[in-house]
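Report on one structure; see the data block that follows.
The values are calculated or read from the model by the stated rules, or taken from the named source; none is laboratory data. All values reported here derive from a predicted model rather than from experimental measurement. Neighbour counts are summed over all protein chains in view; Cβ atoms, including those assigned to glycine, are modelled from backbone coordinates with ideal geometry. Note: accessible area is taken over every heavy atom of the protein model, side chains too, but ligands, DNA and RNA are not part of it. Shrake-Rupley method; radii C 1.70, N 1.55, O 1.52, S 1.80 Å.
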Amino acid sequence: MQDHRKLGRELELFDTDPLIGAGLPYWRPAGAAIRHALEEYVYESERRAGYQHVHSPVLGKRELYEISGHWDHYRDGMYPPMQIGAEQVVLRPSLCPHHALIYRSRARSYRDLPLRLAELGGMYRSELSGVLGGLTRVRAIQLNDAHIFCTPDQVAAEASAALGLIRQAYRALGIEPTRYRLSLPGRDGKYAGDPELWDRAAGLLEQALAEAGVPYEAEEGEAAFYGPKIDVQVADSAEREASLSTVQVDFYLPERFGLEYAGADGARHRPVMVHRSVIGSAERAVAQLIEVHGGAFPPWLAPVQVVVLPVADAQLPAAEAVAGRAVRQGLRAVVARPEAGSLGARIRAHRLVPYQAVVGAREAAAGEAALRLRDGRQVAARPAGEMLAGIGQRVAERSAGLWDEAVMSV
Ligand SMILES: [Zn+2]
């Protein structure tokens, strides 16, 4: 594994500027391309799993966080309030309170549940400058978050389905978790709510882990202030462990916000909130992808998917036509022009690009391209349209493999 901070700079993925500030990285086009591909994956897999997407503001009144309990239990991690007229507003430390209010904005019936609200939204953490670095310790976070409002009977199935989404995402991303952790409260009293409900919530998470058949380790002192959680742990290049994905069961916030639904019996009942994140934050997920893949991303995540290499100046128009066609098809493609060096030097400069299409005199005349894969294998020359269709299919399927092995000629 390589340090994502070093590689992120070398590959021109992200950077910082002292005038923007520590812990506030910006994303260059190549890094933004990876992040967009990841976000599209998240939106798509959530839609398929029955989630509805919402957008909510990154600010809220201080009172909102007093109700949610963040003000009492999490103030050290929050930015100080901003005074606007008679009001105090704060940058949000989590998306949960906004989603609880969206739930509360309509009368809900048991027929509406489970209601799965998802958002890729901003949140803010006032980390001390000494601990900031790269994409893993930042002050502005884009979180892949969702809240499932459901009946107590639906919790275990929803939590286990969320674990299923996480495992599916890790397969597509090529990420291996180091372990699953059941994070329980410690004994220091910073946890909110009724201990009996905490035990019940932990029991439901154990049930979800058992249903998913995943081995896990229970650890005290790692819970959120409002409930226990399953944390999916990953390791970075320095073997430091961090939580990427999470599934949490919460009886506390529904109580604080007075959430209700009409049951089949006609009476008012309190829903449970399952908080879950499939990839965690965009920042931490991309940091992990950089370290795991060392810059050689799966084709669907690669900042540049196709580099077209004309052998000589005479093939430049043909190469530009192939790259233009690739771009119109939705692929990220560039031309490596002959003035940048010999063909070998240009291939080395683009060694992390999964597909390297070489256009020589013969290929240009025939409307073809010869394909070289990142791992050094060759695919016989074929019409450019056919080659791009093959690449497009692998990208659309989010395949980890570069080419159909059955037709490979080495
Ligand atoms: Zn939440």
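Comparing Ala49, Ala238, Gly376 along the charge dipole axis of the chain, the residue lying farthest to the positive side is Gly376, per the Cβ-charge model.
Treat every Asp and Glu Cβ in the chain as -1 and every Lys and Arg Cβ as +1, leave all other atoms uncharged, and give the resulting dipole magnitude about the Cα centre to the nearest 20 debye.
Details: 47 positive and 51 negative charges, 218 e Å.
For the chain, the charge dipole is close to 1040 debye.
Relative to the longest principal axis of the Cα atoms of the chain, the long axis of helix 316-328 lies at roughly 20 degrees.
Kirkwood Rh and Cα-based Rg: tell me the resulting Rg over Rh for the chain, rounded to two decimals.
On the way: Rg = 24.5 Å, Rh = 23.4 Å.
Rounded to two decimals, Rg over Rh is 1.04.
How large is the dipole of the stretch 88-196 about the Cα centre if only Lys and Arg carry +1 and Asp and Glu carry -1, each at its Cβ, rounded to the nearest 20 debye?
Working: 15 positive and 10 negative charges, 44 e Å.
With Lys and Arg at +1 and Asp and Glu at -1, about 220 debye.
Cβ under 15 Å from Pro97's Cβ, Pro97 left aside: what net charge do those residues give with Lys, Arg +1 and Asp, Glu -1? Residues near Pro97 contribute -1 overall. Could you compute the FRET efficiency for Ala314 and Ser399, with r as their C-beta to C-beta distance and R0 at 45 Å, rounded to 0.05? It comes to 0.85.
Could you check how much of the accessible area of the chain is carbon and sulfur, as a whole percent, using a 1.4 Å probe? Write down the numbers at each step before the final one.
Working: 9240 of 18370 Å².
Of all accessible area on the chain, carbon and sulfur atoms account for 50 percent.
Distance from the alpha carbon centroid of the stretch 166-214 to that of the stretch 230-285 works out to 9 angstrom. In the frame of its principal axes, the stretch 274-410 has Cα extents of 60, 31, 29 Å, reported largest first. Dimensions of the stretch 18-72 based on its C-alpha atoms, expressed as ranges along the principal axes with the largest first, amount to 42, 39, 16 Å. For the stretch 30-97, relative contact order (Cα pairs under 8 Å, six or more residues apart, normalised by length) works out to 29 percent. Our coupling estimate for the stretch 346-360, obtained by passing each phi through the Karplus curve with A = 6.51, B = -1.76, C = 1.60 and θ = phi - 60°, is 5, 5, 4, 5, 10, 5, 8, 6, x, 10, 10, 9, 9, 10, x Hz, Gly and Pro reported as x.
Looking only at the stretch 51-204, where both bridge partners belong to it, what percent of the DSSP beta bridges are antiparallel (to the nearest 5)?
Here the antiparallel bridges make up roughly 90 percent for the stretch 51-204.
Here each label is just a point 7 Å from Cα along the line to Cβ, and for Arg187 and Arg240 those points are 2.9 nm apart. Coupling constants for the stretch 277-293 follow from the phi torsions by the Karplus curve (6.51 cos²θ - 1.76 cosθ + 1.60, θ = phi - 60°), and in residue order they are 9, 7, 10, x, 8, 4, 5, 5, 5, 5, 4, 5, 4, 4, 6, 5, 9 Hz; glycine and proline get x.
When the chain is fully extended, how far beyond the present Cα-Cα distance does Arg362 get from Ala49, taking 0.36 nm per residue of separation?
On the way: separation 313, 0.36 × 313 = 112.68 nm, distance 4.84 nm.
So the extension gain works out to 107.8 nm.
Toward the positive end of the charge dipole of the stretch 305-396, with +1 on the Cβ of Lys and Arg and -1 on the Cβ of Asp and Glu, the farthest Cα among Leu309, Ala349, Ala326 is that of Ala349.
Residue separation times 0.36 nm, minus the C-alpha to C-alpha distance between Ala321 and Leu343: what's the value? Please list the in-between numbers first.
Working: separation 22, 0.36 × 22 = 7.92 nm, distance 1.86 nm.
Stretched out fully, the Ala321 to Leu343 stretch lengthens by 6.1 nm.
Here the average projected area of the convex hull drawn through the C-alpha atoms of the stretch 30-136 stands at 9.5 nm².
For the chain, what does the accessible surface come to per residue with a 1.4 Å probe? Please give it in Å². Can you show the working numbers first?
Values: 18370 Å² over 410 residues.
Accessible surface, normalised per residue, equals 45 Å².
For the pair the stretch 1-16 and the stretch 36-90, the centres of their Cα atoms are 28 angstrom apart.
Return the calculated 222 nm mean residue ellipticity for the chain, to the nearest 500 deg cm²/dmol, obtained by summing -39500 (n - 2.57) across DSSP H runs with n ≥ 4 and dividing by the residue count. Spell out each step's value before the answer.
On the way: 13 runs with 140 residues, N = 410.
Here the helix-only value at 222 nm equals -10500 deg cm²/dmol.
How high is the relative contact order of the chain? Use alpha-carbon pairs under 8 Å, at least six apart in sequence, and give a whole percent. Numbers along the way, then the final one.
Numbers: 783 pairs, mean separation 62.7, N = 410.
The normalised contact order for the chain reaches 15 percent.
Relative to the present Cα-Cα distance, how much length would full extension add between Glu211 and Ala389 at 0.36 nm per residue of separation? Each step should come with its number before you reach the end.
Details: separation 178, 0.36 × 178 = 64.08 nm, distance 4.00 nm.
60.1 nm is the gain from fully extending Glu211 to Ala389.
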